[in-house]
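Beneath this line is the structure, given in structure tokens, with notes to follow.
The values are calculated or read from the model by the stated rules, or taken from the named source; none is laboratory data. Quick caveat, the model's predicted, so the values are computed rather than measured. Using ideal geometry, Cβ is built from the backbone for each residue, glycine included, and neighbour counts are taken over all protein chains shown. Side chains included, ligands, DNA and RNA excluded: accessible areas come from the protein's heavy atoms. Shrake-Rupley method; radii C 1.70, N 1.55, O 1.52, S 1.80 Å.
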Amino acid sequence: MLVEFRVKNFRNFQEELVLNLNHVESYDFSYDAIKDQIIKTCLIYGKNGSGKSNLGLALQDLTHHLTDDKYKVKSYNNHFNFQTNNVSTFLYQFKFGTSSLIYKYTKELPKRLLKEELYINDTKVIFYDHLTHECFVTLEGAERLNKDLKGKQISFVKYLCRNTILSETINSYLLKKFINFVEKMKIVSSFSLSCNFEEESHEIEKKIIDSGKLKGLERFMKNVGVEYSLFEREIDGESFIYCDLDGKSVNFFRIASSGTYSLVLLYYQLMELPNLSLIFIDQFDTFLENKLAELVIKKISKSNTQAILTTHNTSLIDNNI
């Protein structure tokens, strides 16, 4: 799980921001929110402009370098803090069993890395300077790898993992655990900032139908006063979600409002929880009444997925939740 995250000079985070999920101490309520003495389900409260959305974007940053970047942000401009130089720093610390893995890097453009370092149990195992191309790797099996990345804007860690068959050691095992965790991270927003919902809506409705969750979606929306009678309709061999509207059958996604889109997206994220390592949902309770928001938190807490949720709603900051 993610234990600690640090970021500096990213959007409104001019000074270093530290998110510590390992500071539990005497925790005697909501035990589902804790796993292996690490905060598994985290609720962050903040007013508009405090940086909640930027925290999600910052957490997501390593996925741009280490994965194929499936979940693209619509706009990744204004990457740096305007009052400082154009170099940002990121540090991620993970715990796998009793072992610790730290990945940190600096960058001067959204996709241009300057330096990467990776530590396992406080020992440096990977170092790469993208300016001088100085390289240091202690992983067995990487001896013959061409380590010169001149002219290539690619993470050295990603390059190594994609082009090397490492010996089966505890360090290579932990590196694979780390990459697998990052590939299963997901950052979403109630306003679909990190997921182009309109383009992906057919994929989402297909998964809802195939999973037999259509009536579950109908009940979920009904709990917040959005009432539709949903049913499956097959057109040219493909299944779509339709609803009754004024006595007519219409494609649900063609008439759904942006608020209804957000409800469907949240329901879909809850469906996807078992497949994710970490999920960050910005303003998860937008369009939700308090009781449904509480149920969402409790459902996420009972899952094995690490979750970070942001909200404006101070009534959700309750030990019983």
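Count of the stretch 271-286 residues, restricted to those that are crowded, with 20+ Cβ neighbours inside 10 Å and assigned to a helix (DSSP H, G or I), is 0.
What do you reckon, is residue 289 of a type in the set (D, E, K, R), open to solvent by 60 Å² or more (accessible area, probe 1.4 Å), farther than 30 Å from residue 4 by Cα and at pLDDT below 85? Reasoning before the result, please.
On the way: of a type in the set (D, E, K, R): yes; open to solvent by 60 Å² or more (accessible area, probe 1.4 Å): yes; farther than 30 Å from residue 4 by Cα: yes; at pLDDT below 85: yes.
Against the criterion (of a type in the set (D, E, K, R), open to solvent by 60 Å² or more (accessible area, probe 1.4 Å), farther than 30 Å from residue 4 by Cα and at pLDDT below 85), residue 289 qualifies.
Can you confirm whether the stretch 213-224 contains a residue that is closer than 18 Å to residue 271 by Cβ, open to solvent by 40 Å² or more (accessible area, probe 1.4 Å) and not in a helix (DSSP H, G or I)?
yes
Looking at the structure I just gave you, is residue 315 open to solvent by 10 Å² or more (accessible area, probe 1.4 Å), outside any loop (DSSP other than H, G, I, E, B) and within 15 Å of residue 217 (Cα to Cα)? Taking the combined requirement at face value, the residue does not satisfy it. Going by what's in this entry, would residue 301 be described as touching an Asp or Glu at 6+ places or on another chain (Cβ under 6 Å), crowded, with 18+ Cβ neighbours inside 10 Å, closer than 30 Å to residue 36 by Cα and of a type outside the set (Asp, Glu)? Criteria met by residue 301. For the stretch 28-59, how many residues are closer than 23 Å to residue 302 by Cβ and either of a type in the set (Asp, Glu) or out of contact with any helix residue (DSSP H, G or I) (no Cβ under 8 Å at 6 or more places or on another chain) (or both)? Of the residues in the stretch 28-59, 11 are closer than 23 Å to residue 302 by Cβ and either of a type in the set (Asp, Glu) or out of contact with any helix residue (DSSP H, G or I) (no Cβ under 8 Å at 6 or more places or on another chain) (or both). Pairs meeting the criteria (first residue in the stretch 211-233 and within 22 Å of residue 293 (Cβ to Cβ) and touching a residue at least 60 places away in the same chain (Cβ under 8 Å), second residue open to solvent by 60 Å² or more (accessible area, probe 1.4 Å) and outside any helix (DSSP H, G or I), beta carbons under 6 Å, at least 6 apart or on different chains) are 224/289. Scanning the stretch 240-258 turns up one or more residues that are among the polar types (S, T, N, Q) and not in a strand (DSSP E or B). Residues of the stretch 29-71 that are in a helix (DSSP H, G or I), touching a residue at least 60 places away in the same chain (Cβ under 8 Å) and among the polar types (S, T, N, Q): 53, 60, 63.
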